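Since the structure comes first, as structure tokens, the remarks are kept for the end.
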Amino acid sequence: MNAHARETHDEGAARRVPERNLRAIRAALLPEEVGAFDQEFRAIMVEATESLDLTPLTAFVERWWRVAWSSSTDAAGHRAMPATAERLQRGEHVPTRSWSELRSQLGA
């Protein structure tokens, strides 16, 4: 374990949960997500500099932390999410779990 992540245990398997800081978040992203992160970060920093308001940066960190958490704890599931969402939007049956079942599995 390093300074950028902490381990949690779920059914005996260690998962890496990134800390809520830019370096840890970026390090936890999948390679295909890093470019979008960098591009949005640059735009947010310009906005924050011009407006003298860090609110957009705070929202950026929280949003990308969730992406990093998802991609670092279940890369295959994370990669499958867009296709699953499309199937749901088309009205197809997609096996799902209840929120309480998922929370239990995650140890929450």
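Considering only the stretch 58-93, state which residues are surrounded by 11 or more Cβ atoms within 10 Å (Cβ to Cβ) and assigned to a loop (DSSP other than H, G, I, E, B).
ASP74
Please determine, by comparing only the residues of the stretch 54-84 that are among the aliphatic types (A, V, I, L, M) and more than 16 Å from the chain's Cα centre (by Cα), which one is modelled with the highest pLDDT.
Per the stated criteria, the residue is LEU54.
Go through the stretch 46-92 and count every residue that is among the basic types (Lys, Arg) and within 23 Å of LEU106 (Cα to Cα).
Keep residues of the stretch 46-92 that are among the basic types (Lys, Arg), which gives 63, 66, 79, 87, 90.
When the remaining residues are screened for being within 23 Å of LEU106 (Cα to Cα), the result is 63, 66, 79.
Qualifying residue count for the region: 3.
In the stretch 94-108, which residues are part of a helix (DSSP H, G or I) and polar (S, T, N, Q)? It would help to see each step written out before you state the result.
So the first thing to find is which residues in the stretch 94-108 are part of a helix (DSSP H, G or I), and the list is 99-106.
Residues satisfying the conditions are SER100, SER104, GLN105.
What do you reckon, is ALA36 modelled with pLDDT of 95 or more, out of contact with any Cys (no Cβ under 6 Å at 6 or more places or on another chain) and either surrounded by 12 or more Cβ atoms within 10 Å (Cβ to Cβ) or closer than 23 Å to GLY107 by Cβ (or both)?
It is true that ALA36 is modelled with pLDDT of 95 or more, out of contact with any Cys (no Cβ under 6 Å at 6 or more places or on another chain) and either surrounded by 12 or more Cβ atoms within 10 Å (Cβ to Cβ) or closer than 23 Å to GLY107 by Cβ (or both).
State all residues of the stretch 18-60 that are within 20 Å of ARG79 (Cα to Cα), of a type in the set (Val, Ile, Thr) and in contact (Cβ under 8 Å) with a residue 12 or more places away in the chain; if no residue qualifies, say none.
Hit for the stretch 18-60 is ILE25, nothing else.
The values are calculated or read from the model by the stated rules, or taken from the named source; none is laboratory data. Keep in mind the model is a prediction, meaning the values are calculated, not measured. Using ideal geometry, Cβ is built from the backbone for each residue, glycine included, and neighbour counts are taken over all protein chains shown.
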